[in-house]
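Structure record follows, encoded as structure tokens.
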Amino acid sequence: NFLGKSQSTQKNGQGHYSLEHQTVGPLVVQIQFEQTDDLAIKNYDIYRTINIHYQDAIDGNAIDYKHYDGKTYRLNMPAKSNNNSKVKMAGKGLLKRSVYGGYTSDRGDLYLITNICIDYDRLKTDKK
């Protein structure tokens, strides 16, 4: 059961000025998600595949992840992580719809699925 590919949010008082009403209207922002090989949306949860260097997976190093909200989150990978492991970030998914229309403050979850890979350029610099 996949959700639509977009979600909108609104910021009151941030839109255009109305001469007729002498007020500033809301700014409505619509976020469009295109489902790709590394991104899927199911209900309010986002499933995203991220590439992890094999050494980070073995050692359990911290990984920086840039979220669609523009923020960067630091993930502490468990040592000896396997390929296709899921890391859950609770409350970092899509906003949930209200039964009355609009959205609630509750969010789905973000699941990051690891794709462990070898970065040959990084291996060259590690050997120096």
Would you say ASN84 is open to solvent by 90 Å² or more (accessible area, probe 1.4 Å) and at pLDDT 90 or above? yes
If you take the residues in segment 55-81 that are open to solvent by 70 Å² or more (accessible area, probe 1.4 Å) and not charged (D, E, K, R), which one is farthest from the chain's Cα centre (by Cα)? ILE58
Say whether the condition of being at pLDDT 75 or above, more than 24 Å from SER105 (Cα to Cα) and within 13 Å of the chain's Cα centre (by Cα) is met by at least one residue in segment 24-38. yes
In segment 91-118, how many residues are assigned to a strand (DSSP E or B), open to solvent by 60 Å² or more (accessible area, probe 1.4 Å) and either at pLDDT 80 or above or among the basic types (Lys, Arg) (or both)? 4
Among all residue pairs at least 6 apart or on different chains, which show Cβ distances below 6 Å where the first residue, located in segment 39-68, is part of a helix (DSSP H, G or I) and the second is open to solvent by 60 Å² or more (accessible area, probe 1.4 Å)? TYR54/ILE118
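The values are calculated or read from the model by the stated rules, or taken from the named source; none is laboratory data. Owing to the predicted nature of the structure, the values given are computational and were not obtained by experimental measurement. Every residue, glycine among them, receives a Cβ derived from its backbone with ideal geometry; neighbour counts consider all protein chains shown. Please note that ligands, DNA and RNA were not included when accessible areas were found on the heavy atoms of the full protein model with its side chains. Shrake-Rupley method; radii C 1.70, N 1.55, O 1.52, S 1.80 Å.
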